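Novice: Mind having a look at this structure? Questions to follow.
The values are calculated or read from the model by the stated rules, or taken from the named source; none is laboratory data. Quick caveat, the model's predicted, so the values are computed rather than measured. Heads up, the Cβs are rebuilt from the backbone with ideal geometry, glycines too, and the neighbour counts pull from every protein chain shown.
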Amino acid sequence: MIVAFAIHPMDQFVVSRWFCHDDAATPINECTTGIKWYEITNVTVWMAAAVLVIVLLMVVGSRGRAMIPSRIQSVGEMIYGFIYKMVEDVTGHDGVKYFPYVMTLFLFILFANLLGLLPMAFTTTSHVAVTVVLALLVFLGVTILGFVKNGIGFLGMFWVGSAPLVVRPVLAIIEVISYFVRPVSHSIRLAGNLMAGHAVIKVIAGFASLAAVSPVVIGAVTAIYGLELLVAVVQAYVFTILTCVYLRDAVGGAHH
C-alpha cells in the first residue's frame, strides 16, 4: 500500500490576515489576497510580539536595577554589555553614541528569529520585505551620517589611495558598486538563511507520517532545530556587526 502525502514547505511563509480562518466559509485565497497596508496580518502580529518581548526583557525585567540581579536582569545586562563592547570595538569611541540604535536592531532581529521557531509561529525575518526595510534604514542612515560628519570627504572611502594611480578609477567604480550592493546582501543573507532552514525542517518533518522512518525523522528534525537556534542567534549577530562596520565608515574611521 502506498501512502500519499504532500509537503508544502513554503506555505509557512505566506502572509495572511490575522482575523481570517481557512475554512469552508473563508477560502484560503480570501485570507491571503488583496491585503491592505492597514490590515493586521501574521507578519505584524509577530513583529509586535518581538517588540513586546524586548520590552519585557529590557524594561520590565530590569526595572528594579538590583545589585543582585534576577535571571531576566542578568540576561538583559549580558546582552547590553556584549553589544556595547562590539559597537565600541568596531566603530571606535565616536560610534558609541549610536549604540541604542544598534542594540535595538540586534534585539529585534534576535527575538524575531527566535519567536519564529515556536510551533505555529511566523518568522517575520524570513521575508525580504522585512529585512530589506531594516537594511535600507542602515544604508540610508549610514550614508546620510557620513555626509553630515565628513562632508564631501565621505566620498574618499571610494578612492583607494594605496593602489597604483592607473587602477584607482577602476577600483573606485568597484567600490561604488559594492557600496550600493550592501543593502541587498545585508537583507538577503538574513532572510535567505532563515527561510532555507525552516523549509528544510518542514520537508524532513513531512516524512514523520511514515512509520518506518519516523524515529530517524524525529532525530533529524531535533538536530536541525538545534542548528536553527544557533542560526537565529548568529544571523542577528552578523546583521548587527555588519551594521557596525558600515557605521564605522560614516563616523570617520575610514577617512583617518
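Novice: Please work out which residue is modelled with the highest pLDDT, limiting yourself to region 199-245 and to residues that are among the small types (G, A, S) and not in a helix (DSSP H, G or I).
Specialist: Here the answer is A212.
Novice: Using the structure shown, decide if A196 is of a type outside the set (F, W, Y), under 25 Å from F13 (Cα atoms) and at pLDDT 90 or above.
Specialist: yes
Novice: Is one or more of the residues making up region 106-121 among the β-branched types (V, I, T), over 14 Å from H198 (Cβ atoms) and out of contact with any helix residue (DSSP H, G or I) (no Cβ under 7 Å at 6 or more places or on another chain)?
Specialist: For region 106-121, residues among the β-branched types (V, I, T), over 14 Å from H198 (Cβ atoms) and out of contact with any helix residue (DSSP H, G or I) (no Cβ under 7 Å at 6 or more places or on another chain): absent.
Novice: Name the residue that is farthest from D249 (Cα to Cα), counting only residues in region 61-114 that are surrounded by 14 or more Cβ atoms within 10 Å (Cβ to Cβ), charged (D, E, K, R) and modelled with pLDDT under 90.
Specialist: The residue in question is E77.
Novice: Report, by residue number, each residue of region 132-184 that is surrounded by 13 or more Cβ atoms within 10 Å (Cβ to Cβ) and hydroxyl-bearing (S, T, Y).
Specialist: Result: T143, Y179.
Novice: Exactly one condition in (1) without any contact (Cβ under 8 Å) to a residue 24 or more places away in the chain; (2) among the small types (G, A, S); (3) under 25 Å from I79 (Cβ atoms); (4) surrounded by 15 or more Cβ atoms within 10 Å (Cβ to Cβ) is false for S187; which is it?
Specialist: Among (1) without any contact (Cβ under 8 Å) to a residue 24 or more places away in the chain; (2) among the small types (G, A, S); (3) under 25 Å from I79 (Cβ atoms); (4) surrounded by 15 or more Cβ atoms within 10 Å (Cβ to Cβ), S187 violates only (1).
Novice: May I pose another question? Determine whether V142 is more than 18 Å from Y237 (Cα to Cα) and modelled with pLDDT of 90 or more.
Specialist: In short, yes.
Novice: Among what's in region 190-209 and is without any contact (Cβ under 8 Å) to a residue 24 or more places away in the chain and surrounded by fewer than 16 Cβ atoms within 10 Å (Cβ to Cβ), pick the residue that is nearest to F154 (Cα to Cα).
Specialist: Among those residues, the one meeting the criterion is G192.
Novice: Another question, then. Can you tell me which residue in region 37-60 is modelled with the highest pLDDT, limited to those that are buried (at least 18 other Cβ atoms within 10 Å of the Cβ) and more than 18 Å from the chain's Cα centre (by Cα)?
Specialist: T41
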